[in-house]
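Student: Right, I'll just put the structure down here and ask away after.
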Amino acid sequence: MRKLKLVLGTYNSPPVGTSLDQFEKAYQYSYKPFLTLLYKYAMLKGAFHFSGTLLEWLDDKHPEFIMVLNEMVKRKQVELIGGGFYSPIFPIIPSKDRIGQIELLTTLIRKKFGKRPRGCWITEGVWEPTLTSTIKNSGMEYLFLDDKLILQSGKKQEDLYKIFITDDQGKTAVVLPLHNDFIERMFVEDPDTLVAEICELQKKSPAGAHLNILINGDFFLVNKTFYSDIFAEGGWLERFFQALNRESECIDTVLPGKHVRHQAPLQRVYLPSQYIKQSNGEQRIEESEGLKIRPLKTFVSEESKPRYFRQFISMYPEIQKVYSKMMYVHGMVGQVRGDRSRKKTAKEESWKGQTHAAFWTGPDGGVYRNEIRKAVYAGLINAEKTTREKGIFSTSIHVTDIDLDGMPEYLYQGQFINAYVHRTGACLFELDYLVTAWNYLDTMARYREDYHTEDDLENGIDRYSKNSFLDHFLEPDVGIENFATGNFEQKIDFMGSIYRARKVEKERKELHFANKRSWQQNGEMKNMELLKSYNFSKNSIQVKYELHTTSFEPVKGRFGVE
């Protein structure tokens with residue numbers, strides 16, 4: 001009877017914008033103790049994915065970790081898995097950037113450890129079938145995906161412990177299922193019982209079974225008590241390793257790269273698109289040593305839950321803004337000619353703006369984390385600055401559909417600031433200070449989430465994005481308390497309507513808008529027109545308002561600009 005082949009390890013991909021303190025905590029409570037214990041049990045093998053930003057930080061702050069990891073790679077105890085350098089969600093970034101990010105991490109691993117990775121980590125498990133050819137073109141041979149995808153593809157439960165192959169455009173890749181049932185029971189159930197069950201699985205599969213257990217490295221950061229229970233001498237993980245040693249007659253820990261090369265023929269599979277594991281919505285935000293652990297985004301109604309990752313882009317305007325900016329900057333980087341060094345720098349800065357957490361609401365808060373959004377915008381703004389050729393760039397107003405909504409926006413691009421104006425509300429939705437790569441309008445509205453308590457809801461829910469120069473015409477009795485909680489109605493809805501662009505004066509750096517609205521007063525229809533003008537200069541913006549009405553009666557209300 002063949003031994004069961006077990007791939008065991010962790011994946012570690014903190015997003016760009018993670019603080020140095022959080023990196024250090026992750027090192028002390030996750031990366032270091034796990035590797036230290038595995039080093040002690042040299043007969044066991046492990047597979048690890050580290051993002052490029054994390055590897056660079058480890059090399060700078062803890063070179064001893066890199067030295068030990070290097071030794072374990074050389075003695076063939078550890079295999080490093082590649083992937084995107086800045087942990088992007090692969091399906092939503094341009095195909096050239098997918099390959100570029102994979103190759104950048106591959107180069108770093110090869111230089112540091114002398115061995116080229118052959119496996120590709122799919123960030124957050126977000127999969128689309130066309131990724132197969134991209135991954136193969138970047139030199140990768142295999143990847144890990146959620147076992148639920150295997151079942152959704154039409155395979156049976158007993159098929160989950162096999163290895164599969166998939167293809168796209170004539171390119172193939174080996175698929176190793178991540179076995180969630182065992183992953184979720186790690187550190188919870190008795191380790192001896194779990195290993196005994198793995199042995200039973202082997203006995204039921206005379207031809208040989210394959211089990212893949214890769215754990216999120218941040219799992220150990222919830223609290224110190226949990227950490228000590230796992231990593232202390234005689235703790236959960238050591239007892240698990242000891243049980244694996246005792247059962248070496250039926251379980252063999254293997255390196256995935258070497259293992260898949262000797263597996264043929266493989267079962268063919270075509271996998272559906274998957275965005276992420278669903279949450280049960282029962283968790284609450286926890287605080288531990290300054291680290292916030294949030295539940296995965298869940299929605300108020302079952303019908304509104306996303307079935308596809310790209311739906312996050314349409315559900316959250318803040319995500320849509322980052323996504324649109326990322327695509328726009330990608331186009332600008334592609335236009336750089338004749339200067340390879342400048343283009344390389346611009347590319348890598350733009351890739352920092354593709355880190356996964358900014359494009360969804362994940363267990364760690366995702367796009368709600370301001371430090372992540374700031375880091376993403378900084379990368380994109382720096383990339384845009386790098387594309388500007390000295391002596392050629394000139395201040396201008398561009399008219400283009402930057403947010404991909406089918407309607408042109410107005411982009412003032414100056415030496416010190418960028419200012420983007422949308423026709424909906426004629427509002428300012430991005431204001432970049434280029435000197436420090438800072439977007440002042442990187443705001444986040446208040447949305448209704450399932451994990452909110454009644455106290456959370458009393459603070460108010462926003463019905464619109466928090467942009468600048470939003471025009472409100474309110475009833476006279478609306479007070480600041482109503483406005484703060486969002487408990488008010490517009491008397492005349494200028495803000496949610498489309499403004500007409502009266503004039504675009506590119507040389508004078510001016511934009512002129514108009515909006516005519518009607519309302520009923522004393523049984524008669526009344527009209528009011530709002531004229532709104534922007535004037536952009538070196539490092540300032542002037543906005544001018546005029547209100548005109550055809551009514552001979554006083555118009556009672558509060559006009560204010562947010």
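Student: Working carefully through the options 333, 329, find the one that is surrounded by 20 or more Cβ atoms within 10 Å (Cβ to Cβ), modelled with pLDDT of 90 or more, in contact with a Leu (Cβ under 8 Å, 6 or more places away or on another chain) and farther than 24 Å from residue 218 by Cβ. Spell out how you get there, then give the answer.
Tutor: Working: 333 fails: in contact with a Leu (Cβ under 8 Å, 6 or more places away or on another chain).
The match here is 329.
Student: So, one more: Is there a residue in the stretch 439-451 that is of a type in the set (Asp, Glu) and open to solvent by less than 50 Å² (accessible area, probe 1.4 Å)?
Tutor: Looking only at the stretch 439-451, we keep the residues that are of a type in the set (Asp, Glu), and these are 442, 449-450.
Narrowing further to those that are open to solvent by less than 50 Å² (accessible area, probe 1.4 Å): 442, 449.
Yes; the residues of the stretch 439-451 include at least one that is of a type in the set (Asp, Glu) and open to solvent by less than 50 Å² (accessible area, probe 1.4 Å).
Student: Among the residues of the stretch 435-451, write down those that are of a type in the set (Asp, Glu) and under 20 Å from residue 418 (Cβ atoms). Reasoning before the result, please.
Tutor: Going residue by residue through the stretch 435-451, those that are of a type in the set (Asp, Glu) are 442, 449-450.
Scanning the stretch 435-451 gives a single hit, 442.
Student: Name the one entry in 226, 219, 241 that is closer than 30 Å to residue 14 by Cα, open to solvent by 20 Å² or more (accessible area, probe 1.4 Å), part of a helix (DSSP H, G or I) and in contact (Cβ under 8 Å) with a residue 60 or more places away in the chain.
Tutor: 219
Student: Of all residues in the stretch 336-390, how many are free of Cβ contacts under 8 Å to residues at least 24 places away in the same chain and either in a helix (DSSP H, G or I) or within 19 Å of the chain's Cα centre (by Cα) (or both)?
Tutor: 4
Student: Going by the conditions given, is residue 189 charged (D, E, K, R), open to solvent by 50 Å² or more (accessible area, probe 1.4 Å) and under 32 Å from the mean Cα position of the chain (by Cα)?
Tutor: Details: charged (D, E, K, R): yes; open to solvent by 50 Å² or more (accessible area, probe 1.4 Å): yes; under 32 Å from the mean Cα position of the chain (by Cα): yes.
The answer is yes for residue 189.
Student: Continuing with the same structure: Applying the selection to the stretch 358-387, what residues are open to solvent by less than 10 Å² (accessible area, probe 1.4 Å) and either of a type in the set (A, V, I, L, M) or at pLDDT below 95 (or both)?
Tutor: 358, 360, 361, 362, 365, 366, 367, 372, 376, 380, 381, 383
Student: Taking only pairs six or more apart or across chains, which ones have beta-carbon atoms under 7 Å, a first residue in the stretch 301-313 that is open to solvent by less than 80 Å² (accessible area, probe 1.4 Å) and basic (Lys, Arg), and a second residue that is modelled with pLDDT under 55 and in a loop (DSSP other than H, G, I, E, B)?
Tutor: 305/299
Student: Filter the stretch 110-147 down to residues that are surrounded by fewer than 17 Cβ atoms within 10 Å (Cβ to Cβ) and either in contact with a strand residue (DSSP E or B) (Cβ under 7 Å, 6 or more places away or on another chain) or in contact (Cβ under 8 Å) with a residue 40 or more places away in the chain (or both) and give me whichever is farthest from residue 98 (Cα to Cα). I'd like the intermediate steps shown before the answer.
Tutor: In the first step, residues of the stretch 110-147 are kept if they are surrounded by fewer than 17 Cβ atoms within 10 Å (Cβ to Cβ); the result is 110-111, 114-116, 129-130, 137, 139.
Subset that is either in contact with a strand residue (DSSP E or B) (Cβ under 7 Å, 6 or more places away or on another chain) or in contact (Cβ under 8 Å) with a residue 40 or more places away in the chain (or both): 114-115, 129-130, 137.
Details: 114: 23, 115: 21, 129: 14, 130: 12, 137: 10 Å.
Ranking the candidates gives 114 first.
Student: Which members of the stretch 470-494 meet the condition of being of a type in the set (A, V, I, L, M), at pLDDT 90 or above and outside any strand (DSSP E or B)?
Tutor: If the condition is that a residue be of a type in the set (A, V, I, L, M), at pLDDT 90 or above and outside any strand (DSSP E or B), then 470, 478 are the ones that fit.
Student: Still on this structure: Can you name the condition, by its number, that residue 213 falls short on among (1) under 23 Å from residue 146 (Cα atoms); (2) surrounded by fewer than 16 Cβ atoms within 10 Å (Cβ to Cβ)?
Tutor: (2)
Student: With respect to residue 485, is the statement that it is within 23 Å of residue 369 (Cβ to Cβ) and not basic (Lys, Arg) true? Outline the logic, then answer.
Tutor: Values: within 23 Å of residue 369 (Cβ to Cβ): no; not basic (Lys, Arg): yes.
It is false that residue 485 is within 23 Å of residue 369 (Cβ to Cβ) and not basic (Lys, Arg).
Student: Where residues in the stretch 1-43 are in a strand (DSSP E or B) and either out of contact with any Leu (no Cβ under 6 Å at 6 or more places or on another chain) or open to solvent by less than 20 Å² (accessible area, probe 1.4 Å) (or both), which of them is farthest from residue 85 (Cα to Cα)?
Tutor: Of all residues in the stretch 1-43, those in a strand (DSSP E or B) come to 4-12.
Going one step further and asking which of them are either out of contact with any Leu (no Cβ under 6 Å at 6 or more places or on another chain) or open to solvent by less than 20 Å² (accessible area, probe 1.4 Å) (or both), we end up with 4-10, 12.
Details: 4: 32, 5: 29, 6: 26, 7: 23, 8: 22, 9: 19, 10: 17, 12: 12 Å.
Looking at the filtered set, the residue picked out is 4.
The values are calculated or read from the model by the stated rules, or taken from the named source; none is laboratory data. All of these numbers come straight from a predicted model, not from anything done at the bench. All Cβ positions, glycine included, derive from the backbone under ideal geometry; neighbour counts span all protein chains shown. Ligands, DNA and RNA are stripped out before the accessible areas are found, and what is left, the full protein with its side chains, is counted by its heavy atoms. Shrake-Rupley method; radii C 1.70, N 1.55, O 1.52, S 1.80 Å.
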